[in-house]
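Trainee: Quick one: the structure is below, questions incoming.
The values are calculated or read from the model by the stated rules, or taken from the named source; none is laboratory data. Note that the coordinates shown come from a computational prediction; the quantities given were computed from them, not determined experimentally. Please note: Cβ atoms are built from the backbone with ideal geometry, for glycine as well, and neighbour counts cover all protein chains shown.
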Amino acid sequence: MGFEFVEREIGGRTLRIETGKYAKQAAGAVIVKYGDTVVLSAAVTGPPRPGVDFFPLTVDYREKTYAAGKFPGGFFKREARPTNKEILTMRMTDRPIRPMFPEGYVDELLIQSMVLSVDQVNDPDILSMIGASAALSVSQVPFDGPSGAVRIGYIDDEYVLNPTLKQMEYTTMEMVLSGHKEAINMIEVGAQELADEIIAGAVEFGFKAIQEICGMISELQEKVGKEKVWNAPPSKDALLAELRKKYATKLKKARNTKGKQDRYAAVKEVYNEAKTEYCPADVDKPEHSWNDVRNLVDKIEGEVISAMVVKEGRRTDGRGLLDIRPLECEVGVLPRVHGSSFFQRGETQSMCIITLGTGRDEQVVDGLGEEYSKKFMLHYNFPPLCVGEVRRMGATSRREIGHGNLAEKSLEAVLPTPDKFPYTIRLVSEILESNGSSSMASVCAGCLALMDAGVPIKQPVAGISVGMFESDGEQKLVVDILGEEDHFGEMDFKVSGTQRGITAVQVDLKGRGLSQELVVESLLTAKNARLEILRKMLSSLKAPRKETSEFAPRIIRLKINPEKIGKVIGPGGKYIRSIEAETGATVEIDEDGTVLVACCDLNSAEAAISMVEAVTAEVKVGKIYTGKVSSIKDFGAFIEVAPGQDGLCHVSELDTEYVRNAADVVKVGDTVRVKVLAVDDQGRIKLSRKAVALEEQEAATAEA
């Protein structure tokens, strides 16, 4: 395969895809360039593992720090485990391509993307998504593509295609969109309470660019693409028809069992019956493998559920298509913590806990771009107890990071600005029970926890998931999907937002694509359900509490002259450390002169504020101060009239009588009262003890 490339202008910049020069031992490899951002994507395939009954697709995306001319952080100076950004990009690369492989394809497949260069203008994550599709398209892998991806912003009421990193600072929406020539198959959105029509319009706007990118990849594939090589497994239609005849009715009856665990047990009995008949334990080599039988029974189960929804308008738990399961909301469920809540929707439970901290608790994010800090973090935990399973507890999974990121985006849009609420906020969602859309439950519980903690959010936020079922070419939408409906349905369309508009969207498809009409209908369906949930949430707490918890730190804000910052800090941080040691408060200073004093004890915080005010106070001419003698010289004494501010009292101003030596009148450590005679343009202070004495004599004479 020789070197070839294609390029087009996309979003005002040249998108270039090359192949045939690098990583030639991979099944397919491409270099994707956009500006000076460069990503290498490769597809590597291998034979299927014996007995595997699923598609083992692995996507890996890594941001090499050399791409930005930076050293990796840490002691070893080498990239270690993937960052959250890398994991989220892996998920976004995986989701649009996974449905585009033929049924029965179980070969080992690895998609590997490496960021080789970044220009600090174009985010490389979109290039990874394009590169994965292009690498698969030019390979022998039976990929039913190509697919393309774009990012869409919304600035000054206009859509912007692939906004630059600078433009992203001003956008009120960030949408990552993926699809193929016929339809969209993945949507990811974070937005500032935007209307449904704006979100739907962005999908339509971005789809045109996706079609153009797909055309580029098709052109490259025509030039150098390998012949697709894959032998489909023998047809199992006869066995499927036989199993359908025997077990469809039984599966339908089992699926009508109430309660998740009871329903699962009833369905499992049907599977066990099929296993006993077709794969008996006393037969060494049955005619059919259990993997084949189980997968076909699973397919029949999906057909049964889809037919119930589409043809009968009811679901396995007895609900109507647009019915939401019973809701339960509660706030203040835990003592001592800074805010807590409990949200239950059917058999899905989330308990959220808020911790309020100071600027020192912010999360520092060091990636390929400029280092920045986060004041809001949402961590999502999915322990095995929530689904009644026994499994090993390991590191945070990609799924947990992805769900946490979605919930974080959903709530981030309504948080107050730091000048109104200077706290760092950590929100943890503990999923205690799960049967469908626990990420959206985390949004609802998280919103209530923020309100319980006294965070003055702009608007309450709720989230809901919309599913879709198809039977005989007819499609129907359902809301508040169960876990099993997520498994057997065609779509998981999650939407969160306020009564004003949308804050986040995430759409995953099992099918090939989603029409524009279905996008609009899904957004409207989600909106009606979202508003219903919001009404229930507000019945437990109507508005954020006026005060933060007594156990949360009290933060007092003070503004000082930026030129006085050095005085507050002191030589080598001496004075600011003394304030913290004496009061127990935390003192933070910004470059603009904003001082934040935090302490759980309000009196201690106020004491620290007083000390800051004292050291930054302007010394006024004509005012009398009580100060301590800090040092003595031949020509006079230096007296500290305010913390860190010394003035000179010349020997001629030390007493009403003649003074030959300052040490004859005062000693270091003496407390004296002095009057400020002058402050020159360099801040030097001239003091007089004699002036105070004369004023006291005059006052005594007047009284006599």
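Trainee: Working only within the range 641-670, note down all residues that are over 60 Å from the mean Cα position of the chain (by Cα) and not in a loop (DSSP other than H, G, I, E, B).
Mentor: First pass over the range 641-670, keeping only residues over 60 Å from the mean Cα position of the chain (by Cα): 650-667.
If the condition is that a residue be over 60 Å from the mean Cα position of the chain (by Cα) and not in a loop (DSSP other than H, G, I, E, B), then H650, V651, S652, E653, A662, A663, D664 are the ones that fit.
Trainee: Going by the conditions given, is A281 part of a helix (DSSP H, G or I), among the small types (G, A, S) and not assigned by TED's automatic domain parsing to the domain that holds G473? Steps first, answer last, please.
Mentor: On the way: part of a helix (DSSP H, G or I): no; among the small types (G, A, S): yes; not assigned by TED's automatic domain parsing to the domain that holds G473: yes.
For A281, the condition - part of a helix (DSSP H, G or I), among the small types (G, A, S) and not assigned by TED's automatic domain parsing to the domain that holds G473 - is not met.
Trainee: I've got another one for you. What's the total number of residues in the range 560-579 that are in contact (Cβ under 8 Å) with a residue 40 or more places away in the chain and assigned to a helix (DSSP H, G or I)?
Mentor: Taking the range 560-579 and keeping what is in contact (Cβ under 8 Å) with a residue 40 or more places away in the chain, we get 560-561, 564, 567-568, 570, 575.
After this cut, where a residue has to be assigned to a helix (DSSP H, G or I) as well, the list is 564, 567-568, 575.
Final tally of qualifying residues: 4.
Trainee: Would you mention how many residues in the range 12-27 are of a type in the set (G, A, S), closer than 21 Å to G215 by Cβ and either surrounded by 17 or more Cβ atoms within 10 Å (Cβ to Cβ) or in contact with a helix residue (DSSP H, G or I) (Cβ under 6 Å, 6 or more places away or on another chain) (or both)? Don't jump to the end; show me each part of the working.
Mentor: At the first step, the residues of the range 12-27 found to be of a type in the set (G, A, S) are 12, 20, 23, 26-27.
Now restrict to residues that are closer than 21 Å to G215 by Cβ: 12, 20.
Subsequent filtering for residues that are either surrounded by 17 or more Cβ atoms within 10 Å (Cβ to Cβ) or in contact with a helix residue (DSSP H, G or I) (Cβ under 6 Å, 6 or more places away or on another chain) (or both) retains 20.
Adding up the residues that qualify gives 1.
Trainee: Among (1) more than 26 Å from D144 (Cβ to Cβ); (2) more than 23 Å from the chain's Cα centre (by Cα); (3) touching a residue at least 60 places away in the same chain (Cβ under 8 Å), there is one condition I111 misses while meeting the rest; what is its number?
Mentor: With (1) more than 26 Å from D144 (Cβ to Cβ); (2) more than 23 Å from the chain's Cα centre (by Cα); (3) touching a residue at least 60 places away in the same chain (Cβ under 8 Å) applied to I111, the lone miss is (1).
Trainee: Starting from the range 138-157, take each residue that is within 12 Å of S178 (Cα to Cα) and outside the structural domain of A183 (by TED's automatic domain parsing) and list its partners that are modelled with pLDDT of 95 or more and surrounded by fewer than 24 Cβ atoms within 10 Å (Cβ to Cβ), counting only C-beta distances under 6 angstrom and pairs at least six apart or across chains.
Mentor: none
Trainee: Output the number of residues of the range 42-63 satisfying the condition of being in a loop (DSSP other than H, G, I, E, B) and farther than 20 Å from M100 by Cβ. Don't jump to the end; show me each part of the working.
Mentor: So in the range 42-63, the residues in a loop (DSSP other than H, G, I, E, B) come out as 47-56.
Now drop any that are not farther than 20 Å from M100 by Cβ, which leaves 47, 49-51.
Residues meeting the conditions: 4.
Trainee: Would the range 306-313 turn up any residue that is of a type in the set (D, E), surrounded by 14 or more Cβ atoms within 10 Å (Cβ to Cβ) and outside any loop (DSSP other than H, G, I, E, B)?
Mentor: Quick first cut of the range 306-313, residues of a type in the set (D, E) only: 312.
If we keep only those that are surrounded by 14 or more Cβ atoms within 10 Å (Cβ to Cβ) as well, we get none.
No - not one qualifying residue is present in the range 306-313.
Trainee: Here is a list: Y105, Y66. Which entry is outside any loop (DSSP other than H, G, I, E, B), in the same structural domain as G206 (by TED's automatic domain parsing) and among the aromatic types (F, W, Y)?
Mentor: Details: Y105 fails: outside any loop (DSSP other than H, G, I, E, B).
Checking each option against the conditions leaves just Y66.
Trainee: For the range 356-381: of the residues being surrounded by 18 or more Cβ atoms within 10 Å (Cβ to Cβ) and among the hydroxyl-bearing types (S, T, Y), which is nearest to the chain's Cα centre (by Cα)?
Mentor: Per the criteria, the residue is Y380.
Trainee: Going through E582, E613 one at a time, which residue ends up being part of a helix (DSSP H, G or I), loosely packed, with under 13 Cβ neighbours inside 10 Å and touching a residue at least 12 places away in the same chain (Cβ under 8 Å)?
Mentor: Details: E613 fails: loosely packed, with under 13 Cβ neighbours inside 10 Å.
Answer to the check: E582.
Trainee: Is it the case that T37 is closer than 18 Å to V121 by Cα and free of Cβ contacts under 8 Å to residues at least 24 places away in the same chain?
Mentor: Values: closer than 18 Å to V121 by Cα: yes; free of Cβ contacts under 8 Å to residues at least 24 places away in the same chain: no.
Criteria not met by T37.
Trainee: Follow-up question, since we're still on this one. Would you check which residues across the range 15-30 are within 23 Å of G69 (Cα to Cα), without any contact (Cβ under 8 Å) to a residue 24 or more places away in the chain and assigned to a strand (DSSP E or B) and list them?
Mentor: R16
Trainee: Does G145 fit the bill of being of a type outside the set (K, R), crowded, with 21+ Cβ neighbours inside 10 Å and closer than 24 Å to V505 by Cβ?
Mentor: On the way: of a type outside the set (K, R): yes; crowded, with 21+ Cβ neighbours inside 10 Å: yes; closer than 24 Å to V505 by Cβ: yes.
Yes.
Trainee: Further question on the same structure: Sort through E287, E303 and tell me the only one that's part of a helix (DSSP H, G or I), assigned by TED's automatic domain parsing to the domain that holds T249 and charged (D, E, K, R).
Mentor: Numbers: E287 fails: part of a helix (DSSP H, G or I).
The match here is E303.
Trainee: Mind listing whichever residues of the range 382-420 are closer than 17 Å to V461 by Cβ, in contact with a Gly (Cβ under 9 Å, 6 or more places away or on another chain) and surrounded by fewer than 21 Cβ atoms within 10 Å (Cβ to Cβ)?
Mentor: The answer is E412, and nothing else.
Trainee: Another one. Going through D655, D646 one at a time, which residue ends up being of a type in the set (D, E), surrounded by 13 or more Cβ atoms within 10 Å (Cβ to Cβ), modelled with pLDDT of 85 or more and out of contact with any Ser or Thr (no Cβ under 6 Å at 6 or more places or on another chain)?
Mentor: Exactly one residue qualifies, and that residue is D655.
Trainee: Provide a single number: the residues in the range 514-555 that are crowded, with 18+ Cβ neighbours inside 10 Å and farther than 23 Å from M440 by Cβ.
Mentor: Matching residues across the range 514-555 total 6.
Trainee: Next question. Specify the residue that is surrounded by the most Cβ atoms within 10 Å (Cβ to Cβ); the eligible residues are those in the range 426-440 that are on the phi < 0 side of the Ramachandran plot and touching a Gly at 6+ places or on another chain (Cβ under 8 Å).
Mentor: Kept after step one, since they are on the phi < 0 side of the Ramachandran plot, are these residues of the range 426-440: 426-435, 438-440.
Of the ones still in play, those that are also touching a Gly at 6+ places or on another chain (Cβ under 8 Å) are 426-427, 429, 434-435, 439-440.
Working: R426: 19, L427: 27, S429: 30, S434: 20, N435: 25, S439: 28, M440: 32.
Step by step, filter the range 426-440, then rank; the result is M440.
Trainee: Further, regarding this structure: Mind listing just one residue for me: the one in the range 621-637 that is exposed (fewer than 12 other Cβ atoms within 10 Å of the Cβ) and among the charged types (D, E, K, R) and, of those, farthest from K690 (Cα to Cα)?
Mentor: D634
Trainee: If you take the residues of the range 256-305 that are over 23 Å from P326 (Cα atoms) and among the polar types (S, T, N, Q), which of them is surrounded by the most Cβ atoms within 10 Å (Cβ to Cβ)?
Mentor: Going through the qualifying residues, I end up with N295.
Trainee: Looking at the range 72-92, I want the residues that are within 17 Å of E408 (Cα to Cα) and not assigned by TED's automatic domain parsing to the domain that holds G369 and have a partner that is crowded, with 16+ Cβ neighbours inside 10 Å and at pLDDT below 85 with Cβ atoms under 8 Å, at least 6 apart or on another chain. Which pairs are those?
Mentor: Note: pairs meeting the criteria are T83/G367; K85/G367.
Trainee: For the range 462-488, give me each residue that is small (G, A, S) and part of a strand (DSSP E or B).
Mentor: Our first condition is that a residue be small (G, A, S); within the range 462-488, this holds for 462-463, 465, 467, 471, 473, 483.
Answer for the range 462-488, where residues must be small (G, A, S) and part of a strand (DSSP E or B): A462, G463, S465, G467, S471.
Trainee: Which condition does E640 not pass, out of (1) within 30 Å of D664 (Cβ to Cβ); (2) in contact (Cβ under 8 Å) with a residue 24 or more places away in the chain; (3) surrounded by fewer than 19 Cβ atoms within 10 Å (Cβ to Cβ); (4) not aromatic (F, W, Y), if it passes all the others?
Mentor: Result: E640 passes all but (2).
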